[in-house]
Amino acid sequence: MRAAVAELREERTCIGLVPTMGALHEGHLSLVRAARAHCSAVVVTIFVNPAQFGPNEDFAKYPRTFEADCALLEKEKVDVLFAPGTAEIYPPGASTVVEVTGISDRLDGVSRPGHFVGVATVVAKLFNIVQPRHAFFGQKDAAQVAVLRRMVRDLHCPLDVVVCPTVREPDGLAMSSRNRYLSPEQRQQALVLHRALRRVEAKVAAGIVDRAPLIDAGLAVLADEPEIRVDYFSIVHPDTLEDVPDVTAGALVAVAAAVGPARLIDNLLIPPR
Ligand code: AMP
């Protein structure tokens with residue numbers, strides 16, 4: 001990877017980086033296409049990062065579909081695929097982490113302690129290895145976006161973060177590698193996440209700005225599917241992830257829930273009126 005980067009930089013190539021954990025779908029490919037549109041060389045990484053999984057989470061069974069991923073990336077004419085092993089990224093005795101304090105303990109950080117330290121650490125490593133001019137992330141992981149934007153600002157990382165819209169299935173379900181865990185029945189139940197977000201969006205469009213009734217409205221929709229286990233339903237500022245008292249344009253409405261074996265997340269940004 002270093003040799004490839006050295007060559008690209010000698011040619012003054014603008015490198016676009018798309019970090020992923022593989023099990024690629026159209027959401028990932030939308031980032032690849034955005035990178036292709038912005039940059040002259042596209043580097044995709046596939047690394048299932050053990051540091052961002054908790055002890056009781058799905059690291060061991062996370063879908064690994066390397067051959068199919070390679071075929072998709074070849075079709076997109078990706079310039080470099082970097083798929084390191086764990087020991088390359090975490091050499092024995094590795095003891096340095098990147099912690100974006102405060103913000104890493106909100107939203108998913110509450111029920112996944114340490115998750116965003118794992119994310120920030122691996123992304124900082126990938127930035128150092130690949131030295132991209134632009135790095136592409138999905139709005140689907142809104143809290144991750146907030147953490148990484150803050151890290152890039154605080155550590156003066158010499159690159160721009162580009163955030164791409166959430167890609168959805170035709171029925172509204174946000175695409176996710178973890179959707180593979182769902183039975184047909186659970187897949188149907190999972191649609192309630194997007195419905196709850198849309199209900200809040202509609203209420204805001206109708207003039208409701210108070211946080212409490214909006215959250216109640218979202219939770220009421222989620223209650224339509226009693227088998228799912230809601231982790232959070234929240235309305236926050238997209239940069240700080242702190243609760244907003246008045247819900248206006250730009251506010252982030254975010255939800256996480258366990259649907260069968262899958263912990264799913266989704267969100268939307270309240271559009272301008
Ligand atoms: P992951 O492989 O799940 O770590 O995701 C890699 C990147 O793809 C992250 O920046 C995600 O936010 C992004 N991503 C995942 N799902 C989607 C989606 N449905 N739409 C847009 N981006 C996505």
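Across the range 21-59, which residue is surrounded by the most Cβ atoms within 10 Å (Cβ to Cβ) among those that are within 12 Å of the ligand (Cβ to nearest atom) and closer than 18 Å to ASN128 by Cβ?
Ranking the qualifying residues of the range 21-59, first place goes to VAL44.
All but one of (1) open to solvent by less than 40 Å² (accessible area, probe 1.4 Å); (2) within 22 Å of GLN144 (Cα to Cα); (3) within 20 Å of the chain's Cα centre (by Cα) hold for ASP239, so report the exception by its number.
Here ASP239 meets the rest and fails (1).
Filter the range 167-186 down to residues that are away from the ligand (no atom under 13 Å from the Cβ) and in contact with a helix residue (DSSP H, G or I) (Cβ under 8 Å, 6 or more places away or on another chain) and give me whichever is most open to solvent (accessible area, probe 1.4 Å).
Restricting to residues being away from the ligand (no atom under 13 Å from the Cβ) and in contact with a helix residue (DSSP H, G or I) (Cβ under 8 Å, 6 or more places away or on another chain), the top hit is ASP171.
Filter the range 222-259 down to the residues that are in a strand (DSSP E or B) and in contact with a Phe, Trp or Tyr (Cβ under 9 Å, 6 or more places away or on another chain) and list them by number. Step through it out loud before you land on a result.
Initial filter on the range 222-259 (in a strand (DSSP E or B)): 229-236, 243, 246, 252-259.
Across the range 222-259, the qualifying residues are VAL253, ALA254, VAL255, ALA256, ALA257, VAL259.
Within the bounds of the range 127-136, is there any residue that is out of contact with any Gly (no Cβ under 9 Å at 6 or more places or on another chain) and within 16 Å of the ligand (Cβ to nearest atom)?
So far as the range 127-136 goes, yes, one or more of its residues are out of contact with any Gly (no Cβ under 9 Å at 6 or more places or on another chain) and within 16 Å of the ligand (Cβ to nearest atom).
Residue under question is GLU169, and the condition is that it be closer than 30 Å to GLU7 by Cα and either among the charged types (D, E, K, R) or within 14 Å of the chain's Cα centre (by Cα) (or both); does it hold? Give the steps one after another, and end with the answer.
Numbers: closer than 30 Å to GLU7 by Cα: no; either among the charged types (D, E, K, R) or within 14 Å of the chain's Cα centre (by Cα) (or both): yes.
It is false that GLU169 is closer than 30 Å to GLU7 by Cα and either among the charged types (D, E, K, R) or within 14 Å of the chain's Cα centre (by Cα) (or both).
Could you pull out the residue among VAL167, VAL192, VAL161 that is within 19 Å of LEU241 (Cβ to Cβ) and modelled with pLDDT of 95 or more? Talk me through it step by step, then tell me what you get.
Values: VAL167 fails: within 19 Å of LEU241 (Cβ to Cβ); VAL192 fails: within 19 Å of LEU241 (Cβ to Cβ).
VAL161 is the lone residue from the list that is within 19 Å of LEU241 (Cβ to Cβ) and modelled with pLDDT of 95 or more.
Take the residues in the range 52-93 that are in a loop (DSSP other than H, G, I, E, B) and of a type in the set (S, T, N, Q), then tell me which one is modelled with the highest pLDDT.
Across the range 52-93, the extreme among qualifying residues is THR65.
Looking for something touching a Leu at 6+ places or on another chain (Cβ under 9 Å) and either under 23 Å from TYR62 (Cβ atoms) or small (Gly, Ala, Ser) (or both) - is there at least one such residue anywhere in the range 233-241?
yes
So, ALA190, is that one within 10 Å of the ligand (Cβ to nearest atom), open to solvent by less than 20 Å² (accessible area, probe 1.4 Å) and closer than 18 Å to HIS25 by Cα or not? Explain how you work it out, then say what you get.
Values: within 10 Å of the ligand (Cβ to nearest atom): no; open to solvent by less than 20 Å² (accessible area, probe 1.4 Å): yes; closer than 18 Å to HIS25 by Cα: yes.
Against the criterion (within 10 Å of the ligand (Cβ to nearest atom), open to solvent by less than 20 Å² (accessible area, probe 1.4 Å) and closer than 18 Å to HIS25 by Cα), ALA190 does not qualify.
Which is touching a helix residue (DSSP H, G or I) at 6+ places or on another chain (Cβ under 6 Å), part of a helix (DSSP H, G or I) and farther than 30 Å from CYS14 by Cβ, of LEU197, LEU193, LEU219, LEU214?
Values: LEU197 fails: touching a helix residue (DSSP H, G or I) at 6+ places or on another chain (Cβ under 6 Å); LEU193 fails: touching a helix residue (DSSP H, G or I) at 6+ places or on another chain (Cβ under 6 Å); LEU219 fails: touching a helix residue (DSSP H, G or I) at 6+ places or on another chain (Cβ under 6 Å).
Going through LEU197, LEU193, LEU219, LEU214 in turn, just one is touching a helix residue (DSSP H, G or I) at 6+ places or on another chain (Cβ under 6 Å), part of a helix (DSSP H, G or I) and farther than 30 Å from CYS14 by Cβ: LEU214.
Please find, among ARG178, ARG168, the residue that is out of contact with any Asp or Glu (no Cβ under 8 Å at 6 or more places or on another chain) and of a type outside the set (Gly, Ala, Ser).
On the way: ARG178 fails: out of contact with any Asp or Glu (no Cβ under 8 Å at 6 or more places or on another chain).
From the options ARG178, ARG168, the qualifying one is ARG168.
Report yes if some residue within the range 94-109 is of a type in the set (A, V, I, L, M), within 16 Å of the ligand (Cβ to nearest atom) and outside any loop (DSSP other than H, G, I, E, B); otherwise report no.
No, the conditions are met nowhere in the range 94-109.
To keep it simple, each residue is scored yes or no on (1) at positive phi; (2) buried (at least 19 other Cβ atoms within 10 Å of the Cβ); (3) outside any helix (DSSP H, G or I); (4) not charged (D, E, K, R).
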residue: VAL117; (1), (2), (3), (4): no, yes, no, yes
residue: VAL122; (1), (2), (3), (4): no, yes, no, yes
residue: LEU126; (1), (2), (3), (4): no, yes, no, yes
residue: ILE129; (1), (2), (3), (4): no, no, no, yes
residue: PRO132; (1), (2), (3), (4): no, yes, yes, yes
residue: PHE136; (1), (2), (3), (4): no, yes, yes, yes
residue: VAL145; (1), (2), (3), (4): no, yes, no, yes
residue: MET151; (1), (2), (3), (4): no, yes, no, yes
residue: VAL161; (1), (2), (3), (4): no, no, yes, yes
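The values are calculated or read from the model by the stated rules, or taken from the named source; none is laboratory data. Model, not experiment: these values are computed from the prediction. Note that we place each Cβ from the backbone using ideal geometry, even for glycine, and neighbour counts take in every protein chain shown. These area figures cover heavy atoms from the full protein model, side chains too; ligands, DNA and RNA do not enter into them. Shrake-Rupley method; radii C 1.70, N 1.55, O 1.52, S 1.80 Å.
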